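What follows draws every value from the coordinates through simple rules; no lab data is involved. These numbers come from a predicted model, not from an experiment. Note that we place each Cβ from the backbone using ideal geometry, even for glycine, and neighbour counts take in every protein chain shown.
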Ligand SMILES: [Zn+2]
Ligand SMILES: [Zn+2]
């Protein structure tokens, strides 16, 4: 059972090369996935070469014209993720309405019932587990940026239904990386998801609303209490801003324990936000 308080595990610790494909998988599955990944890299490389010279317009056209390897099974078709793999990922699961923990029922999980997080609700596409964890791992560590657009489109499709029944956010804000990590990676995967998500939903997004004041390091070895201490004061608003009465949605690639999102939501509420939603591509089960 996860509590609140995040993690940072994914953003703070780059896996060793090979670990991305090999985590907790049987050897035959690893071999199959390595072959799929190799096929996918070849297809993406050809598409990138074809599109790179002529800029974004041609990139869009190339997406329509060139075949693509499904990021999960390697099937060559025209989508980033093939229809059968997408159907597996998007199969409805009853989750805690506050923290999106899969629990087979739509009631608050024991952790949220005992101690509600600073955010009010969380949405996710699915669990951060094999095989769909590859979507986030390939985005973050393999720089497979088309995956961010695919994840954003799927999130938008689910959220449009949810927000037909309740107020949509006024503003989307990605969980920021530390300046050091942003410089090392070259992009913030949370913003790569938030930007197309805002476009799909017709909402405003601010990539610099929150700043990470310091690198909080790997939290993998920390328990929840230690994570919360480690994250205290990690975020601040990037400029003097009041969020009075606003509904702000925090966007991230993965939610593990929820500590990072809890800390960031607390900062938004301290600056007047009335409601904070969390939107994550995947959620650790
Ligand atoms: Zn597939
Ligand atoms: Zn919960």
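Pop a pseudo-label 7 angstrom from the Cα along the beta-carbon direction at both residue 164 and residue 200 and give the gap in nm to one decimal.
Label-label distance for residue 164 and residue 200, simple model: 1.6 nm.
Explain nothing, just the number: relative contact order of region 226-285, from Cα pairs under 8 Å at least 6 residues apart, as a whole percent.
Values: 86 pairs, mean separation 26.7, N = 60.
In percent, rounded to a whole number, it is 45.
Order these peptides, 74-87, 181-194, 246-259, by their mean beta-carbon neighbour count within 10 angstrom, highest first.
Details: 74-87: 16.9, 181-194: 18.4, 246-259: 25.9.
Listed from highest to lowest mean packing, they are 246-259, 181-194, 74-87.
Can you tell me the Rg and the Dmax, both Å, for the Cα atoms in region 76-190?
15.9, 47
To the nearest µm²/s, what D does Stokes-Einstein give for region 180-285 at 10 °C and 1.306 mPa s, using the Kirkwood radius over alpha carbon pairs as Rh?
Taking Rh from Cα pairs, D becomes 108 µm²/s.
What distance in nm separates the simple spin-label points at residue 78 and residue 113, each placed 7 Å from Cα in the Cβ direction?
It works out to 4.9 nm between the two label points.
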